[in-house]
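Step one of this worksheet: look at the structure below.
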Amino acid sequence: MIRSMTGFGSAPLESGGWNGSLELRSVNSRHLKLNFRLPAGAEGWDQALRETIGERVRRGHVDVTLRLSPGQEAVGSIEIDEVRLSAFLGAFRRMREAHGLAGEPDLEMVSRLDGVLVERTPDLVAAIDGGQLRSAARAATDELIEMRSREGERLAAELEERLDALSAHLEQIEILAPRRLESERERLHKSVAELVAGIGMDDDRLAREIAVLADRWDIREELVRARAHVAAFRDLLRLPDEEPVGKRLGFLSQELLREVNTIGSKGNDARIAHHVVEAKNELETMREQIENVE
């Protein structure tokens, strides 16, 4: 079964006292493109994430977002910058002595001084374990693929309906084609006979010339190829979802359109032209849906 390229997956991450989540959001793209949104200091993890996600996701634009916040265990300590505090106290003392100011600095005043109290936060890169990060990436990827598979089932059902409609139009064209070809033969025979009446062309040569012209309007080969493409399309829809088939489905839809266009140009019949137009409409809808198939 095919997979869509649209999906979402997430997984919690707890490591070294840090809590957070890894999120994957994907949309359609011709190739696999990973866009990372990582916390400052975590840029070095993108390669590990790229390898883990790329093992199972083959196509699509995927936004990889890692959110982290320190848990209770990772809260840093508050330290006093003794050098800075001594400098402030010395400045206060000199101000008091030089200008005869009264009062002493108290705890409330000192705690407000810029840079005196310094928070020491644990190093983010050192805190996160690579194995736990990969496990979170695999879990998020599993959830992403599950959603893409569900969407793929819906797409496959819609494409099957379009194939049924397309096949119905091809069947009608196949019914109309012999009648149209026979009427064209009769029309040609009459027209050519009138043109060569005064030339004296024998009946055998006349029949051969008409047969050559009629063969140019024969669409049986195009119908056979179109049916083969439809069958191949259905086979691809039913392959295991681990195998990406979007590009092959796109190629088959182009080949189907080529055959339908040829049928339209050779058909030379209003009823066939109607079915050709409807078949092309079905193929255009299929093309739009195929763009989201992995």
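Is it the case that some residue within region 185-206 is modelled with pLDDT of 70 or more, part of a helix (DSSP H, G or I) and open to solvent by 70 Å² or more (accessible area, probe 1.4 Å)? No, region 185-206 contains no residue that is modelled with pLDDT of 70 or more, part of a helix (DSSP H, G or I) and open to solvent by 70 Å² or more (accessible area, probe 1.4 Å).
Within this structure, Leu49 fails the test of being part of a strand (DSSP E or B), aliphatic (A, V, I, L, M) and either within 30 Å of Leu159 (Cβ to Cβ) or in contact with a helix residue (DSSP H, G or I) (Cβ under 7 Å, 6 or more places away or on another chain) (or both). Restricting attention to region 86-105, the residues that are in contact with a Leu (Cβ under 8 Å, 6 or more places away or on another chain) and of a type in the set (Phe, Trp, Tyr) total 1. Going by what's in this entry, would Arg84 be described as modelled with pLDDT of 85 or more, over 23 Å from Asp129 (Cα atoms) and surrounded by 10 or more Cβ atoms within 10 Å (Cβ to Cβ)? Judged against the criteria, Arg84 is a match.
Kindly check whether there is at least one residue in region 44-65 that is among the aromatic types (Phe, Trp, Tyr), open to solvent by 20 Å² or more (accessible area, probe 1.4 Å) and either in contact with a Lys or Arg (Cβ under 7 Å, 6 or more places away or on another chain) or without any contact (Cβ under 8 Å) to a residue 60 or more places away in the chain (or both). No; the residues of region 44-65 include none that is among the aromatic types (Phe, Trp, Tyr), open to solvent by 20 Å² or more (accessible area, probe 1.4 Å) and either in contact with a Lys or Arg (Cβ under 7 Å, 6 or more places away or on another chain) or without any contact (Cβ under 8 Å) to a residue 60 or more places away in the chain (or both). Filter region 11-41 for residues that are part of a loop (DSSP other than H, G, I, E, B) and under 25 Å from the mean Cα position of the chain (by Cα); which is surrounded by the most Cβ atoms within 10 Å (Cβ to Cβ)? Ranking the candidates gives Leu38 first.
Every condition in (1) at pLDDT 85 or above; (2) loosely packed, with under 15 Cβ neighbours inside 10 Å is met by Ser135 except one, and the failing one is (2). Taking the conditions (1) in contact (Cβ under 8 Å) with a residue 24 or more places away in the chain; (2) on the phi > 0 side of the Ramachandran plot; (3) surrounded by fewer than 14 Cβ atoms within 10 Å (Cβ to Cβ) in turn, Ser69 satisfies each one other than (2). Need pairs with beta-carbon distance below 7 Å; first residue modelled with pLDDT of 95 or more and within region 220-244, second small (Gly, Ala, Ser) and crowded, with 16+ Cβ neighbours inside 10 Å; sequence gap 6+ or separate chains. What qualifies is Val230/Ser167.
Mind counting the residues in region 250-284 that are farther than 21 Å from Leu155 by Cβ, open to solvent by less than 80 Å² (accessible area, probe 1.4 Å) and among the hydroxyl-bearing types (Ser, Thr, Tyr)? So the answer is 1. The residue pairs whose first member lies in region 90-104 and is closer than 16 Å to Val116 by Cβ, whose second member is surrounded by 10 or more Cβ atoms within 10 Å (Cβ to Cβ), and whose beta carbons are closer than 7 Å, counting only pairs six or more residues apart or on different chains, are Phe92/Pro105.
The values are calculated or read from the model by the stated rules, or taken from the named source; none is laboratory data. Treat the numbers as computed from the prediction; the structure is a model and nothing was measured. Positions of Cβ are generated from backbone atoms using ideal geometry, with glycine treated the same way; all protein chains shown enter the neighbour counts. Only protein heavy atoms, including side chains, enter the accessible area calculation; ligands, DNA and RNA are left aside. Shrake-Rupley method; radii C 1.70, N 1.55, O 1.52, S 1.80 Å.
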